Structures are given as structure tokens and as C-alpha cells.
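Q: The structure under discussion is supplied below as C-alpha cells; questions concerning it will follow.
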């Protein structure tokens, strides 16, 4: 049997919990990352606007002829300034228009144009580390003031292996008096991944919730599994079956009700069994008396006419009692080789003149009550010998379990009677032969199969013949 963990109640509860927590954590992580990124971006934009506004006010206070030299001395981290006669940005749109409006408001309505775009650049940290330029702690780092673009993110040369990151590049153009423009190129951080601490916390929450769900579902699923096992044992004919009473109150009440039902059913079956034993004794006594009196009759013809119905009464009584006992005997279940039972049975049947052969080359271990299984196989084999003259008893294993199949080459059973052929006292003699019988052989085999949790499958063979399969779980 294939193990399917998510076909059980415990597996499905754990799966649903994992999926629910994972989806909710992913949504929360995405929302947190977006909000965090937006907050960091707003803070960076506000800081940049203040710094550009401060630089612009410094240049406004300086004389026009002093501004070019002053721009050359400005060292503002992440911002590069130039003083030109033309603006670096012609018009503003999108985020650029928003930033231009904010800077214009900060400068009391000054003319400002801005452009914002996302660009791919090489990591500044990697570039500094591998170039040796202005990297703290490096003994070979050059001394002196950094170059003008040292604070800007350095683009990796084509041959470089520097990791590529995304940043937001904003270009401002602020109109100064005298027809000059202050152009500023700003590098803002690009999209940032979720912090590692958030990922770790989400993973811890997922693991803790999954463990809790597994514990709770196990407290529910294990008592239900025990209850199902007890129900299977009761259905297979075992007596004194008791389901453990554990788990939540709902499951405990179900187990208690099952135990009460099993106890009442056991008492009822016990009373019926005692009645059957008494009936067996009471019927055998008068039948034996009738047989003895019939044997004393001197007229042979009359004696045979009386002995024939008496023999039929004996057969009917024995088979009816066998049907009542089928699947409910006190015989213990043991692990036996069904193939060995089949070979032994076929040898016994051949000794009494029935043409039944065994086809059971491989061992087929199964848990069963051996005497009952042997009785069921005997009935199937005797039916094949009675109605078809010969039969073969095959034993093999497949995905359904261990199969004992009796096949013959007889005329089979009419299709409209196939569903009723295993019913008690039903005989399809017209379709097969005029053989005598009480019609209980297949009914007994069916009851034994039910008592073992198996099944009996009957089918016509093509182009001719009949098949009876006794299937038991291995």
C-alpha cells in the first residue's frame, strides 16, 4: 500500500496550516518590504531636496563670478553639481515632476526641472574594494582629497566582475539669476530586498505554527485512526474489540459510543452462536433417528426414497450452520502461506476424485483464520469440479492484495444472474448443469471473505468459463 501522508486528516491539517501561514507570511513580507522601501525612499528624497536647496541658497548668496569656483569646492556625498548655461532637464514628468515641485516649494517657487530614472550600476563597495580607492583601512589607499565623482556609484568597466545593482538617478536643474542653471545629479538607493531578520522571523513562525498544527492534528487523527482500526477489527469478526478513548471530547464520545455498540453486538452474536449450537444438536438427533429407522426398511426402493431426502436435510443443516458460523469463529488469526494452503487443499480434493489442480509457485503470506480460508477455497473448488468437471486454483499477489482464484472452462453463469449467484440458497443450475446442492457454497465463501475484510469477485471468462476470486489484504 502506497504511503500518502496528505490523504490523512493529520497530513491535510498540517498541509493547510503550512500553506495558510506561508501565504500570509509572504503577503505580510511583501507589504512590509514595500512600506519599508517607500519610507526609506521618502526619507532619502527629503534629505536630498534639503541638501540641493541648501547648495542653491549658498550659490544665490554668492556673486555670479564667484559661483563657478564655489561649485568646484562643494563636496556633497552622492550628489554631483555643475553650473551651466543650459538646464540638464528640459521638462519634468512622473516622479521627476513630484520631486521638482517639492524642491521648488522649498526654494520659494524657483524654476526647477527634474528627471527620475532607474539605472543598473556596479556596486560602489565592490569597486572600491577591488580598486583600492578611498577604502577605509587600506594601507595602500591613496591620500589626499577624493575626486569629484568619488561619492557617486561607479559603473563597472566591461571586463569587471562587479555585482550589478539598481539605483534611482535623479537629475535636478535649478534656475539661478543671471541666466545660469545649477544641475545636480543624485543617486538614490534602488529597491531593497526584505531584511534578513524579517525572513528569519517568518521562517521561525512557519516552523512553530507547523509544529503546533502537527501536534493538534495528531491529537485528533490518532484517536480516529485507532477508532477506524477497531471498526475494521469488529467488521472482520473479532470479538471483544475496544477502541481507546482519548483525544478531544468529540472523538472521545465517538469512541465511547463505538465501544458500547461493540459490546452490545458481541452479546447478541454470542446469544446467536449459542442458539446455533443448540439447534445443531437438536436437528442432528431426529435426523439420525430417521436415518436409523429408514435403514431398517427391507424394501430397497422405499428405503432409498427415504434416505435421499434425509441426506439432503443433513447437507442443508450442515451448510446452514457453516454459513452462520462463517466469519465469526473464535479461531485466532495467524500469518500463513496461502499458496501452501492451496496446494494442500488441491491434494486432498484429488484424493477424493475431484479434478482440481494448484497453480501457486510463489509464497503468498497473509494474516487469516486458516480453517475458514481453507473452507472458502474448498467451496469454490468443489463448485468448479461440480459444474465444470475440473478447475485450477491460482494463488498470486497484486496491488489489491493476495488473490486465490479458481477458474474453470464450464458454461459460466448468465449475466443477469451473476449479481445474485452468491446469495444464500440461490442456484443457477439451468445455466450450468442439473447438479444437486443447497446453494450455500458461494454464500459461505462470501461471508468468510467479509469476515476477513476481503472480498469475493465472481465473473464469467471469455470466451468460456467462470472465475471466482477471493481477495485478502496482505
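Q: Is it the case that the range 215-237 has a residue that's at positive phi and surrounded by fewer than 16 Cβ atoms within 10 Å (Cβ to Cβ)?
A: There is no residue in the range 215-237 that is at positive phi and surrounded by fewer than 16 Cβ atoms within 10 Å (Cβ to Cβ).
Q: Taking the range 64-94 on its own, how many of its residues are touching a residue at least 60 places away in the same chain (Cβ under 8 Å) and under 19 Å from residue 50 (Cβ atoms)?
A: Summing the residues that are touching a residue at least 60 places away in the same chain (Cβ under 8 Å) and under 19 Å from residue 50 (Cβ atoms) in the range 64-94 gives 8.
Q: Residue check, residue 254 against (1) surrounded by fewer than 13 Cβ atoms within 10 Å (Cβ to Cβ); (2) at pLDDT 85 or above; (3) within 32 Å of the chain's Cα centre (by Cα), all met but one. Which one?
A: With respect to (1) surrounded by fewer than 13 Cβ atoms within 10 Å (Cβ to Cβ); (2) at pLDDT 85 or above; (3) within 32 Å of the chain's Cα centre (by Cα), residue 254 is out only on (1).
Q: Something else now. Among the residues of the range 422-450, count how many are surrounded by fewer than 21 Cβ atoms within 10 Å (Cβ to Cβ) and at pLDDT 80 or above.
A: 1
Q: For the range 100-115, name all the residues that are within 19 Å of residue 180 (Cβ to Cβ), in contact (Cβ under 8 Å) with a residue 12 or more places away in the chain and surrounded by fewer than 20 Cβ atoms within 10 Å (Cβ to Cβ).
A: 107, 110, 111
Q: Among the listed residues 402, 392, 366, identify the single one that is within 42 Å of the chain's Cα centre (by Cα) and surrounded by fewer than 22 Cβ atoms within 10 Å (Cβ to Cβ).
A: It is 392.
Q: Within the group 28, 44, which residue is farther than 20 Å from residue 102 by Cα, surrounded by 13 or more Cβ atoms within 10 Å (Cβ to Cβ) and either within 54 Å of the chain's Cα centre (by Cα) or modelled with pLDDT of 85 or more (or both)?
A: Every option except 28 fails the conditions.
Q: Would you confirm, using the coordinates I've provided, whether residue 33 is on the phi < 0 side of the Ramachandran plot, over 28 Å from the mean Cα position of the chain (by Cα), at pLDDT below 85 and surrounded by 12 or more Cβ atoms within 10 Å (Cβ to Cβ)?
A: For residue 33, the condition - on the phi < 0 side of the Ramachandran plot, over 28 Å from the mean Cα position of the chain (by Cα), at pLDDT below 85 and surrounded by 12 or more Cβ atoms within 10 Å (Cβ to Cβ) - is met.
Q: In the range 462-474, what residues are modelled with pLDDT of 90 or more and outside any strand (DSSP E or B)? Write out each step before concluding.
A: Filtering the range 462-474 down to residues modelled with pLDDT of 90 or more leaves 465-472.
Matches in the range 462-474: 465 only.
Q: Go through the residues of the range 75-83 one by one and say whether even a single one is at pLDDT below 90, in a helix (DSSP H, G or I) and either in contact with a helix residue (DSSP H, G or I) (Cβ under 9 Å, 6 or more places away or on another chain) or over 19 Å from residue 171 (Cβ atoms) (or both).
A: The answer is no, given that none of the residues of the range 75-83 is at pLDDT below 90, in a helix (DSSP H, G or I) and either in contact with a helix residue (DSSP H, G or I) (Cβ under 9 Å, 6 or more places away or on another chain) or over 19 Å from residue 171 (Cβ atoms) (or both).
Q: Continuing with this model, one more query. For residue 166, work out the one condition from (1) closer than 25 Å to residue 35 by Cα; (2) assigned to a loop (DSSP other than H, G, I, E, B); (3) at pLDDT below 85 it doesn't fulfil.
A: (2)
The values are calculated or read from the model by the stated rules, or taken from the named source; none is laboratory data. This structure is a prediction, so every number in the text was calculated from the model and none was measured. We place every Cβ from the backbone using ideal geometry, glycine too, and count neighbours over all the protein chains shown.
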